[in-house]
Every structure is written in structure tokens, then in C-alpha cells.
Amino acid sequence: MKRVLSVASEAVPLIKTGGLADVVGALPAALAGQGWEMRLMIPAYPGVLDKIGRGDVVWADPNLFGGLGELYLGKIGDVEVLALDAPHLYDRPGNPYASPLGDYWDNAERFAALCWVAAVIATNGIEGWKPEIVHAHDWQGALAPAYLKYWGNHVPTVLTIHNIAFQGRVGADKMGAMRLPADWFHPGEFEFYGDISALKAGINAAWAVTTVSPRYAEELMRPEFGEGLDGVISQRAASVYGILNGVDGALWDPENDPAIEPFSPTKLAGKAKNRKALLDEFNLDSEVEGPLAVLVSRLTPQKGIDMLPAAAEELLAAGGALCVLGSGEAWAETLLRDLTFRYPGRVGVRLGYDEALSHRMFAGGDIVLVPSRFEPCGLTQLYGLKYGCLPLVSAVGGLADTVVPATPATEAANAATGVTFHPVDALAFRQGMRHMVKLYADRKRWTAMVRRAMKSDFGWERSAATYAALYDSLIAK
Ligand code: ADP
Ligand code: GLC
């Protein structure tokens, strides 16, 4: 087996705040099928060492960015995990990036330390294991390729951008604390408008930059989506790849999911039972004639929650219902609560994070809503497809790349799997809902669409093969 070291701030089943964790957690198994042994390096937040069976200390430094750092080699399932235990940086409960008061003051150093150790391991190896590739994720992993470059180490590196809205930007006064070399502080490397940008450092240093859908790769080179880094990414266009995320079939399979009543494209009876159970669970009216829409999301401006009332009005006028599961910003939670008061018996909201409930929602829902302003890949529309819960999505990023929108052309070709809307505004979302409701009313056509969606193939195999081919091409360089 060839060897690759993955560096990230989250991974299922150890710690998750969003899709990054799903993807980082799924890649090792997917790549094993391609002949790559991927070891995962992540911070040892509280509880992580127990989950990986503690294991042995394979590396230590008494002064890792201000305190003792010890690297444990453990296992989760078949995957070898390197967990970096550094209590002064990671022994904080709850969200890995923030306390209830806001982002941690030392996030820059916290993740620089992770990247530093990854770069050391890539340089020296560990107990005879030395990676042939380093694969870093988002700004939290981005300094790993950067340190390697500044040290003159020639191990090939890949940086995957899951979301450019987060860049790890801090004041230049942190340069010393982050162990960044002052002579690389210029616009061609990690300087960004007078600050340090960890993500920019990684984009300029990595041998290849990937993002999680082909469409987002193109969007990132445009000012509307690039968040100030569009020029930097455009300059690297020849080394930028869009590789779609997959769905982990071990966790997401309607025929084999302990959280739900099982069903399949040919046996849809279970889906009707899940729908009924979901209405009950949210205390909604038991007879809902129109479609039952669901939304599972972080509640941030990215996700377009502010446009929901307009689309909900259309849905409810058509006799539908809506279930929402999410957590995040206060304004969005208020907006959602307000909807439940406005439409009692028809709109149900759960604020919080609940993995099992999310499964029941895709299984019981008819429509999954993803009205994102931008969406690098998006996973909930993929879960929706697989669970016969048809996506109504904005036509951006990975949403546009994975949903076949119902149009006269795709309907003539019997190919549609959902509805997309553009531009991303409340009017278009509402019109998309109107279209969806109309499709739902034609029961035969709808069922055919449900079956087709469930058969769409967004498993990991193709994407893992693409990553493997990329690794090989970098090694050959
Ligand atoms: P992002 O990573 O931007 O949040 P994705 O669609 O890629 O968006 O991934 C989100 C992941 O988090 C999905 O697995 C989704 O089901 C899950 N998720 C989001 N919010 C919740 C929640 N409140 N409860 C359970 N799962 C959630
Ligand atoms: C990010 C993106 C999301 C993507 C996920 C996993 O959080 O917002 O679109 O699916 O990363 O790559």
C-alpha cells in the first residue's frame, strides 16, 4: 500500500461540526480500495484519545507552541489515527473552534501546531512509516504544505478547500508564534492585505489544490465567490481540481439504516411509514396532502435560511408541511421559531444537533431544501437523493453538479432528480417551490423521479479513484 497522511481539524466519528468531518472520515476507507493507506492526523480534543483506544505515544515535544505535545497512534475501525494531544491547545470542551463567547483567541496557533507536527512527521517519518503524500484540509490544515515548502522538503502535497469563507486570517504580529519565516511574508506566499492568511499560504504552497466539486472550482476563480482569493486561485488554475464528495454508503443506506424503517427503489412502502413517523415526531398534523419538506443545516448566512419564509408560504399554501433541524446563529433560530408560531401543525423545528434525527428526516421527507448562497459540495442533497427525498436547491457549486434539474429537456430524457433555482434569491426559491409542488401533484411522475434519484450514484468510488490518480501524478512529477 502507498502511504498518505491526511491532516484536518475534524473527522467522523471523532468530532464533527459539518460536512468536512464526513468527508475526512470517509476518505481513508475509500482510498484503501485504491491501494492507499491513509493515516489521519487530528487534534486530541476531549474524548478523542478514548475513541482511538489511546494507543502509544509515537512522538513528543515539551514545547509545542507553548506546552507539551504528544502524538498518539491509535485506531478507529481499520483506520490508523494520529491524535495530537496538547492540552494547552485542545483540551477545551464542545465546539472545536469556539467557546460560547466566540472564536478562540489562539486558533491560529492551535492549528499551526497541528500542521507543524504533520510537517515534521512527513519529513522524518514515524516508526518506519513515512507518507508519500500529505493531504491537508481547509485553513486548519493549510500550513502543513506551507511549512514543508519553507523547509525545502519535496514531499508532494494536496490542499482541499471545503469552504473558502474560512481562511485562518490573523494579524502579522502572530508570525513568530506561528513559526512562520518572515522572509516568506509577501503577497506571493502567505501575506494577505497586511495579515497572515493560512489558507493563502496553503494555496500557494500545495502541489495541487482541490475543491469539493468541479463547479465550485470554477466559482472560486470569480470575485463573487473567491472571498478575495480568486486571483490567487486563478494563478494556480493549472493545478486546481474539482473532485466531488461522495456519500459514505456504510452510514447512509435506506435499505440498511438502524435509524429508520428500511426501503428501496422497488419497495417504497417503508418510506411512507417514515413519513408518517416524522410528522408524529414533530407533532404535526397527521394528514398532510402536499409534500413534506425537510431542511437539515448549520444556521449561517451561507445556507440561505433567511429566504425560507417565502418558500414556506408557497409550500404551506399547497397543503404541505415543513420540518427543520439546525443549530447556529440566533437570528436564524428566531426566524424558525417564528415560522412554527405562524403555521402551527404544519411547521416543526428542532434546534440542536441530532445525527439520528437527520436520518429520519431524509427518510420521511419528500423534498430536501438546500437554498445556499454558495455550496462547495453539500451533502444533504446527496443524502436526500439516496433516501428518495428530492432536492430543491440553488444552482451553485456542488448542488448544481449533483442534482439534475427538472426541465423540459431532462424530463424528455427521463433524467430529472430534483429542482434547481437561480438567481439565489427568495423569489427564485419560491418559484422553485412552486415547481416542486406541481411535480409532486403528479403522483406517478413523482414516484418515477423518486426511484431515479435513489439510484443516482454518488458513492465514494469514483472520487477516491480521482484522488488516487492525482496522488500518483504528483509522485511522478
Ligand atoms: P456544511 O459542511 O457546509 O455544513 P454539508 O452539507 O457539506 O454542509 O454537510 C453538513 C453535514 O452536517 C451533513 O452531514 C448534515 O446532515 C449535517 N448536519 C448539519 N446540521 C445538522 C444538525 N443540526 N443535526 C444533524 N446533522 C446536521
Ligand atoms: C464544507 C462545505 C460543504 C461541503 C463540506 C465537505 O463545509 O460548506 O459544501 O460539502 O465542506 O466538503
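Looking at the stretch 374-477, the helices (runs of 4 or more DSSP H) lying wholly inside it that each contain 3 or more residues that are more than 30 Å from VAL288 (Cβ to Cβ) and polar (S, T, N, Q) sit at 461-476.
Against the list (1) of a type outside the set (Lys, Arg); (2) touching a helix residue (DSSP H, G or I) at 6+ places or on another chain (Cβ under 6 Å); (3) within 16 Å of ligand 2 (Cβ to nearest atom), the condition GLU329 fails is (2).
Among the conditions (1) surrounded by 21 or more Cβ atoms within 10 Å (Cβ to Cβ); (2) within 16 Å of ligand 1 (Cβ to nearest atom); (3) outside any helix (DSSP H, G or I), the only one that TYR353 does not satisfy is (1). Looking at the stretch 249-261, is at least one residue touching an Asp or Glu at 6+ places or on another chain (Cβ under 6 Å) and either among the polar types (S, T, N, Q) or buried (at least 21 other Cβ atoms within 10 Å of the Cβ) (or both)? The answer is no, given that none of the residues of the stretch 249-261 is touching an Asp or Glu at 6+ places or on another chain (Cβ under 6 Å) and either among the polar types (S, T, N, Q) or buried (at least 21 other Cβ atoms within 10 Å of the Cβ) (or both). How many of the residues making up the stretch 267-283 are out of contact with any Asp or Glu (no Cβ under 9 Å at 6 or more places or on another chain), farther than 19 Å from ASP442 by Cα and surrounded by fewer than 20 Cβ atoms within 10 Å (Cβ to Cβ)? Counting residues in the stretch 267-283 that are out of contact with any Asp or Glu (no Cβ under 9 Å at 6 or more places or on another chain), farther than 19 Å from ASP442 by Cα and surrounded by fewer than 20 Cβ atoms within 10 Å (Cβ to Cβ) gives 4. Once the stretch 35-75 is narrowed to residues that are in contact with a Pro (Cβ under 7 Å, 6 or more places away or on another chain) and among the hydrophobic types (A, V, I, L, M, F, W, C), the residue that is farthest from TRP105 (Cα to Cα) is MET38. Residue count for the stretch 274-319 satisfying the condition of being away from ligand 2 (no atom under 16 Å from the Cβ), part of a helix (DSSP H, G or I) and within 22 Å of the chain's Cα centre (by Cα): 3. From the list ALA146, ALA177, ALA172, ALA119, the one residue that fits, being touching a Leu at 6+ places or on another chain (Cβ under 6 Å) and modelled with pLDDT of 95 or more, is ALA119.
Of SER327, SER372, which residue is of a type in the set (Ser, Thr, Tyr) and either surrounded by fewer than 23 Cβ atoms within 10 Å (Cβ to Cβ) or more than 11 Å from ligand 1 (Cβ to nearest atom) (or both)?
SER327 is the lone residue from the list that is of a type in the set (Ser, Thr, Tyr) and either surrounded by fewer than 23 Cβ atoms within 10 Å (Cβ to Cβ) or more than 11 Å from ligand 1 (Cβ to nearest atom) (or both).
The test for being more than 16 Å from ligand 2 (Cβ to nearest atom), aliphatic (A, V, I, L, M), touching a strand residue (DSSP E or B) at 6+ places or on another chain (Cβ under 7 Å) and more than 19 Å from VAL296 (Cα to Cα) does not hold for ALA453.
Just a yes or no: is a residue in the stretch 441-448 buried (at least 22 other Cβ atoms within 10 Å of the Cβ) and touching a Leu at 6+ places or on another chain (Cβ under 7 Å)? No, the conditions are met nowhere in the stretch 441-448.
Please specify each residue of the stretch 356-373 satisfying the condition of being within 16 Å of ligand 2 (Cβ to nearest atom) and part of a helix (DSSP H, G or I). Give the derivation first.
Filtering the stretch 356-373 down to residues within 16 Å of ligand 2 (Cβ to nearest atom) leaves 358, 362, 368-373.
Within the stretch 356-373, SER358, PHE362 qualify.
Say we look at the stretch 192-217 and pick out the residues that are charged (D, E, K, R) and over 18 Å from the mean Cα position of the chain (by Cα); which of these is farthest from ligand 2 (Cβ to nearest atom)? Going through the qualifying residues, I end up with ASP195.
The values are calculated or read from the model by the stated rules, or taken from the named source; none is laboratory data. Because the structure is a prediction, the values reported are computed rather than measured. Cβ sites come from the backbone with ideal geometry, for glycine too, and all protein chains shown count toward neighbours.
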